[in-house]
Amino acid sequence: MPTPPSHHSESSDLPESEQFNLSPLIRVTLLLLYAVLLVPLPFLATATDAPVAPMLLWLGIGLGGSLLYASLTERVLVDDQRIQVTYSQWVPSFWRKGWTLEWTEITALKPRSTGQGGIVYYFLTGSEHAYLLPMRVAGFARLLDYVQAYTDINMNDVKPLAQPWMYIILLGCAVLLGFVDAWVIWTSVTLA
């Protein structure tokens, strides 16, 4: 029985190395959602004379935003020798630690279902260590081309964890919430 044609490229068709950043849609959506959920809190604390100081809330929002942004600097570097997950240099390793795997170390790809009904995949090594396949990068299909070309693992059935329409809906909700936030902030400043 003939093997069905693969949509993945041969390794000779791939650039020598490539970088895959987190999808801009995901990054913008999560940062905006964080902002619209938390920025009104200091204004509401002032308007309601809450026992929590607004400055303390601003500090917490700033720290949390920095940690979120640090997590969103994830990028995947691939070449003909390895796959590497890294973060910006300013991100401390105790917060987000990357990893590196030589292609020759990867023995299998293991699917695992998530609590929300999705499927994530882990690279397995000969020593049975598992490394999460980065699934939220821009150019995910191209990343799969590298994995298949350098590991000979069939990647035809691997799909992104979240489809773009999910993040577009979430982004739309965040924008709508932003309008509500503007009204809440305006009202709280007017009443103060």
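The values are calculated or read from the model by the stated rules, or taken from the named source; none is laboratory data. The structure displayed is predicted, hence computed values, not measured ones. Note that each Cβ is placed from the backbone with ideal geometry, even for glycine, and that neighbours are counted across all protein chains shown.
Observations on the structure shown:
- Some residue of region 145-165 being touching a Pro at 6+ places or on another chain (Cβ under 7 Å), aliphatic (A, V, I, L, M) and over 30 Å from residue 44 (Cα atoms): no
- Taking region 92-113 as the range and being in contact with a strand residue (DSSP E or B) (Cβ under 7 Å, 6 or more places away or on another chain), β-branched (Val, Ile, Thr) and without any contact (Cβ under 8 Å) to a residue 40 or more places away in the chain as the test, the residues that pass are 100, 107.
- Beta carbons closer than 7 Å, at least 6 apart along the sequence or on distinct chains, pair a first residue in region 54-65 that is assigned to a helix (DSSP H, G or I) with a second that is at pLDDT below 95 and among the hydroxyl-bearing types (Ser, Thr, Tyr) for 54/46.
- When residues of region 85-130 are limited to those that are under 17 Å from the mean Cα position of the chain (by Cα) and crowded, with 16+ Cβ neighbours inside 10 Å, the one farthest from residue 19 (Cα to Cα): 121
- When residue 78 is tested against the conditions (1) in contact (Cβ under 8 Å) with a residue 40 or more places away in the chain; (2) among the hydrophobic types (A, V, I, L, M, F, W, C); (3) part of a helix (DSSP H, G or I), the lone failure is (3).
- Test: residue in region 99-121 that is in contact with an Asp or Glu (Cβ under 9 Å, 6 or more places away or on another chain) and within 30 Å of residue 35 (Cα to Cα): no
- Among the residues here, residue 135 qualifies as surrounded by 17 or more Cβ atoms within 10 Å (Cβ to Cβ), free of Cβ contacts under 8 Å to residues at least 40 places away in the same chain and either of a type in the set (Asp, Glu) or within 18 Å of residue 22 (Cβ to Cβ) (or both).
- For region 151-192, the set of residues classified as more than 30 Å from residue 125 (Cβ to Cβ) and of a type in the set (Ser, Thr, Tyr) consists of 167, 187, 188, 190, listed by residue number.
- In region 149-174, residue modelled with the highest pLDDT [restricted to those that are loosely packed, with under 13 Cβ neighbours inside 10 Å and not in a loop (DSSP other than H, G, I, E, B)]: 172
- Of the residues 131, 121, the single one that is assigned to a strand (DSSP E or B), touching a Phe, Trp or Tyr at 6+ places or on another chain (Cβ under 9 Å) and of a type outside the set (D, E, K, R) is 131.
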